[in-house]
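Data first, discussion second: the structure below is written as structure tokens.
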There are 2 protein chains.
Amino acid sequence: VKKEELHASLSDPVLDTMNFLNEVTSRYPDAISFAPGRPYHGLSNVNEMSDRIGRYLAHLDERGHSPQQVRDALYQYGPTAGQIRELIAGSLLVDEDIDVSPEAVVVTVGSQEAMLLVLRALMADRDDVLIVSTPCYLGIVGAARLLDVAVTAVPEGDDGPCVAELETAILAERARGRRPRAIYLVPDHANPSGATMPLDARRALLDMAERTDVLIVEDSPYRLLGPEPPPPTLKALDRACRVIHLGSYSKTLLPGIRVGFAVADQEVVDGTGRTGLLAHELAKIKSMVTVNTSSLSQAVVAGSLLASAGRVSQIGAELAGHYAGALRATLVELDRRLPAERRAALGVAWNSPRGGFFLALTVAFRADEAALTRSAKRFGVIWTPMAYFHPEGGGDRGIRLSISHLTPADITEGVARLGRFIEAETVRR
Amino acid sequence: VKKEELHASLSDPVLDTMNFLNEVTSRYPDAISFAPGRPYHGLSNVNEMSDRIGRYLAHLDERGHSPQQVRDALYQYGPTAGQIRELIAGSLLVDEDIDVSPEAVVVTVGSQEAMLLVLRALMADRDDVLIVSTPCYLGIVGAARLLDVAVTAVPEGDDGPCVAELETAILAERARGRRPRAIYLVPDHANPSGATMPLDARRALLDMAERTDVLIVEDSPYRLLGPEPPPPTLKALDRACRVIHLGSYSKTLLPGIRVGFAVADQEVVDGTGRTGLLAHELAKIKSMVTVNTSSLSQAVVAGSLLASAGRVSQIGAELAGHYAGALRATLVELDRRLPAERRAALGVAWNSPRGGFFLALTVAFRADEAALTRSAKRFGVIWTPMAYFHPEGGGDRGIRLSISHLTPADITEGVARLGRFIEAETVRR
């Protein structure tokens, strides 16, 4: 049988990274896993779903939609840009002080689709480059690979993306004759490091973006999952229309419904000289990717926004408390198992995020796939090599821990196992 | 304010084609519209949706899933390739005699996403070409534009795709040094022409694909929407594993849920020499496009398949009757308004599909956007210029009529208006 040849992107390690992890996880089902970024949804029940849909349909009815129109809203193809844009724009205003017209919003199949749309719209030329702050969420790198978009990685610091380094990279790309179009980053409780950008760094980043004429793609899935509100979003601080803001309801409402959005109020011009809103162009691309976001899923989101007067922060408050508690417990256990003196001796360190799913550990040995296999097999604990999140290399001694779906008992026992693994590996070295 | 430059695909007329039509439709709201391919869903009601979801959850429970696993199936991220692949494979077997393993199925956000995934996987090289039978569904051409994939159009005949012409085009591309990788076509009740390929043409196409070593992408959204079953799918006849079959539940179940699938049981090899199933590679790409198909939407499809023992043909039977009736009524009215002698004098002709949404009219004048505007404004009737479906030019005297969402009264009055418009335009010429 003849074997069909594939596009080069399918040989790219980025698109295969998670395979090894999945294999390890299924081979050692009894191991405690700090690996997956699965949201916790123990606070939801099945009936809630239809309540939320009902809430949205009642809202349409109250606003004078005919029974036929109400049914269409649930059953029929809707506008490609989404049918709940007004509710999302309203929510962004009350919750985030982001003031944009519904026309600037595009509803997407999770923020992953939004990334693909933004890259396809903006990366106009072979010489265009996307700058990413690393360690970096793999979804953006994978989307870039699929579209043959060049990516340049800039290492972050302890407080997340480093503005001076980003500017240096932008100027270096220009000097090479390439055109940096946008910087992708996650300012709040980043995946994978857990870092959150301080307010002054946010302001400096916006100034730099304006000065160097690049756009910022702000991805914010973990933003509301902390014990207190983080500094304002880049979009809320954006005076020069430099920021494309991506949002997701996967972590605050439900992962399975697949609803995210892009806020893209930039003025754009196409090759024929026609101008318009970037959001409109994103919708044009979406019409050739998924056509619509499931109207059933949009109805669930709409019902939730209506029930909370648009305050996603309020919907997510209980969940945020859950995650913050799990993070605190993990940090307490780490400190108990590897107290300051011991970790200095072992060459181990970690950061202390207050929210989100992730924290970053540094160890004195190569935390690679071989080490992960030993960790799963002999110590019964699984984690993610930080090297996975460095598309251009690096992170060999880094470990990502995700606390998002572990019970308190799992955390206690998991950290104990992790401590034993680290001790053994460090001696082994 | 600086305007951001866009990717060249966004200046492509294909991505803008429907804009004019939408404008005309909103400018003349009282016109009867034969334009949109909107499915009819008057046979569904809101409660059905939760019944179907409940049916699926009960099925999981019966199969020994824990309450947590059942909740996960609805709320959590699921496998990227989809969580209802077994049910879909089972349905394809009972309904279509397509015998494939669930591993060869990938659940997608409508068949549009499947098209994008297939193109990205297979079009490995700048010299690779996609062959399309025209007039052609625009979604495939748009997806090709987004991915910078070259498309070659081959005109279809009265009975749909023309095998000899397709083979000539394949050989001509090879002679030019390009590599035709796949042929895209809709064998059943095609969009836009309504044509259905006879059985002998299907067999000839499969032989030709094997002889010339190209794959076939079979898109089948309208297949079950006729008064009797059409000839077997290309996939059911496929002995040499040449066919990638795309399916959609948008027309048989509900458009708004956005669930389709690809069947891709081909053996493939990537640049590193690793081999596997094409379906697995499509899922890898999907993980960077939409991650998952809404699990809520998948649950609705699963519940429907369970309730009908996998027979989508049975679920769609009533709808198929509705469409067949609307088609017959349209043909009867056309014949009444423009009897044989009159249409010979006017230079008008049409085909007579027995199922699906569409039929094709040929007229003696340019059926362009100017003509459409006159038709809407003076005669109160809207249709789609066939030229929209010819990405490489042609179809200037063609009109697509869609009957999918019109009432009998609309059909009678709409055809009368259309007759008056055609008479006037022909005289005008």
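Here the range B:188-225 is the region considered, the condition is being more than 20 Å from B:Gly37 (Cβ to Cβ) and among the charged types (D, E, K, R), and the residue that is surrounded by the most Cβ atoms within 10 Å (Cβ to Cβ) is B:Arg202. The residue that is farthest from the other protein chains (Cβ to nearest Cβ), counting only those in the range B:1-25 that are of a type outside the set (A, V, I, L, M, F, W, C) and assigned to a loop (DSSP other than H, G, I, E, B), is B:Asp12.
Residues in the range B:372-429 that are buried (at least 16 other Cβ atoms within 10 Å of the Cβ), free of Cβ contacts under 8 Å to residues at least 24 places away in the same chain and in a loop (DSSP other than H, G, I, E, B): there are none.
Would you say B:Ser101 is of a type in the set (S, T, N, Q) and in contact (Cβ under 8 Å) with a residue 12 or more places away in the chain?
yes
Residues that are within 9 Å of chain B (Cβ to nearest Cβ), outside any helix (DSSP H, G or I), basic (Lys, Arg) and farther than 14 Å from A:Val106 by Cα do not occur anywhere in the range A:226-240. Of the listed requirements (1) without any contact (Cβ under 8 Å) to a residue 40 or more places away in the chain; (2) within 13 Å of chain A (Cβ to nearest Cβ), B:Thr80 misses just one: (1).
Among the residues of the range A:315-360, those that are free of Cβ contacts under 8 Å to residues at least 60 places away in the same chain and in contact with a helix residue (DSSP H, G or I) (Cβ under 7 Å, 6 or more places away or on another chain) comprise A:Ala349, A:Trp350, A:Ser352.
Hey, could you check the range B:132-143 for residues that are in contact (Cβ under 8 Å) with a residue 60 or more places away in the chain, within 14 Å of chain A (Cβ to nearest Cβ) and surrounded by 22 or more Cβ atoms within 10 Å (Cβ to Cβ) and say which is nearest to A:Arg126 (Cα to Cα)? Filtering the range B:132-143 for residues that are in contact (Cβ under 8 Å) with a residue 60 or more places away in the chain, within 14 Å of chain A (Cβ to nearest Cβ) and surrounded by 22 or more Cβ atoms within 10 Å (Cβ to Cβ), the one nearest to A:Arg126 (Cα to Cα) comes out as B:Gly142. A residue that is among the aliphatic types (A, V, I, L, M), under 22 Å from A:Val106 (Cβ atoms) and surrounded by fewer than 24 Cβ atoms within 10 Å (Cβ to Cβ) occurs nowhere in the range A:247-265.
Conditions (1) more than 19 Å from B:Gly247 (Cβ to Cβ); (2) modelled with pLDDT of 95 or more; (3) within 13 Å of chain A (Cβ to nearest Cβ), marked per residue:
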{"residue": "B:Val263", "(1), (2), (3)": "no, yes, no"}
{"residue": "B:Glu267", "(1), (2), (3)": "yes, no, yes"}
{"residue": "B:Gly276", "(1), (2), (3)": "yes, no, yes"}
{"residue": "B:Gln298", "(1), (2), (3)": "no, yes, yes"}
{"residue": "B:Leu306", "(1), (2), (3)": "no, yes, no"}
{"residue": "B:Arg311", "(1), (2), (3)": "no, no, no"}
{"residue": "B:Ala320", "(1), (2), (3)": "no, no, no"}
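The number of residues in the range B:78-94 being surrounded by fewer than 20 Cβ atoms within 10 Å (Cβ to Cβ) and either of a type in the set (Asp, Glu) or closer than 22 Å to A:Tyr40 by Cα (or both) comes to 2. The residues on offer are A:Asp213, A:Asp200, and the sole one that is away from every other protein chain (no Cβ under 14 Å) and over 19 Å from the mean Cα position of the chain (by Cα) is A:Asp200.
Applying the criterion of being at the interface with chain B (Cβ under 10 Å from one of its Cβ atoms) and at pLDDT 85 or above to the residues of the range A:42-57, the residue that is surrounded by the fewest Cβ atoms within 10 Å (Cβ to Cβ) is A:Gly54.
For the range A:209-254, the tally of residues that are of a type in the set (Val, Ile, Thr), within 17 Å of A:Ile140 (Cβ to Cβ) and in contact (Cβ under 8 Å) with a residue 60 or more places away in the chain stands at 3. Considering the conditions (1) outside any loop (DSSP other than H, G, I, E, B); (2) without any contact (Cβ under 8 Å) to a residue 24 or more places away in the chain; (3) out of contact with any Ser or Thr (no Cβ under 9 Å at 6 or more places or on another chain), A:Leu57 is excluded by exactly one of them, (2).
Taken together, the criteria place B:Ser111 among residues that are of a type in the set (Ser, Thr, Tyr) and closer than 30 Å to B:Arg174 by Cβ. Of everything listed in (1) closer than 18 Å to B:Thr252 by Cα; (2) surrounded by fewer than 20 Cβ atoms within 10 Å (Cβ to Cβ); (3) at the interface with chain A (Cβ under 10 Å from one of its Cβ atoms), the single unmet condition for B:Pro39 is (2).
Looking at the range B:144-154, is at least one residue farther than 29 Å from B:Ala89 by Cβ and either basic (Lys, Arg) or free of Cβ contacts under 8 Å to residues at least 12 places away in the same chain (or both)? Yes, the range B:144-154 contains at least one residue that is farther than 29 Å from B:Ala89 by Cβ and either basic (Lys, Arg) or free of Cβ contacts under 8 Å to residues at least 12 places away in the same chain (or both).
With a requirement of 1 or more residues that are touching an Asp or Glu at 6+ places or on another chain (Cβ under 6 Å), at pLDDT 95 or above and under 26 Å from B:Arg211 (Cβ atoms), the strands (runs of 3 or more DSSP E) lying completely within the range B:75-190 that satisfy it span B:128-134, B:150-155, B:179-185. Please verify whether the range A:3-23 includes one or more residues that are in contact (Cβ under 8 Å) with a residue 40 or more places away in the chain, within 26 Å of the chain's Cα centre (by Cα) and over 30 Å from A:Gly414 (Cβ atoms). Yes, the conditions are met somewhere in the range A:3-23. Taken across the range B:26-33, residues that are assigned to a loop (DSSP other than H, G, I, E, B), at the interface with another protein chain (Cβ under 7 Å from one of its Cβ atoms) and touching a residue at least 24 places away in the same chain (Cβ under 8 Å) do not occur at all.
Taking the range A:252-366 as the region of interest, the helices (runs of 4 or more DSSP H) fully inside it that hold 1 or more residues being over 20 Å from A:Arg85 (Cα atoms) are A:317-337, A:340-346.
The values are calculated or read from the model by the stated rules, or taken from the named source; none is laboratory data. All figures in this text were calculated on a predicted structure; none of them were measured in a lab. Every residue, glycine as well, gets a Cβ built from its backbone with ideal geometry; the counts of neighbours run over all protein chains shown.
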